[in-house]
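Before any comments, here is the structure.
Coordinate-derived values only; no laboratory data. Small disclaimer: the values here were computed from a predicted structure and weren't measured. Here Cβ is always computed from backbone atoms with ideal geometry, including for glycine, and neighbour counts include all displayed protein chains.
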Amino acid sequence: IVMPSIYADAIKEAFATAKTDVAVIDTLQISHPALPDETLYLVRDFTNKTLTLETGEVVEFRAAGFQIELPSKDEKGIQDLNIAIDNTGQEASDFIKRTLDFPNDSVEITYRPYLSDDLTRPQMDPPLVLYLSNVSITTLNVTATATFADILNKTFPSEIYTKTRFPAL
């Protein structure tokens, strides 16, 4: 397995040596620019975990069931992250439904892996930041594809040229 250079040496070593006493703890941060106070922090575990972000901020991640398929490198240049989040508490689906009121901005997904013996920092710095697309919500789960660029939701032209901002027009 070829490890991307963004992984920290500790997680590369854990993957390479297959330590049985150290587990990789996957986390997701689900956020939206219009809802900054409602960011979801999820950890794939049975218990909540207090973890330190790469910024030094300490955050409580809520236990949740989710599956992720990390982007692979291929010759097509497409790198998508496939996500399935259990809809048991309906947190993720409720959050995504609230973002529908803001169609000009996308839901942002941040993936951070931690090691069970080092919860002081994520093992990928900078973390993987992607944007949701192709969201499907059912009573059982929320599934989505996340991509690196959110080209489809960008307005064009992205700047509005007015006489106030550009008096020479």
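A few comments on the model shown:
- Length added when fully stretched, T145-N82, from 0.36 nm per residue minus Cα-Cα: 22.2 nm
- Of the peptides 92-98, 141-147, 31-37, 58-64, the ranking by mean beta-carbon count within 10 Å, highest at the top, reads 141-147, 92-98, 58-64, 31-37.
- If R0 is 45 Å, the Cβ-Cβ spacing of L119 and A168 corresponds to a FRET efficiency of close to 0.25.
- For Q90 and V24, the FRET efficiency from 1/(1 + (r/R0)^6), where r spans their Cβ atoms and R0 equals 35 Å, is about 0.85.
- Distance in nm between pseudo-label sites at E38 and F102 (7 Å out along the Cβ direction from Cα): 0.9
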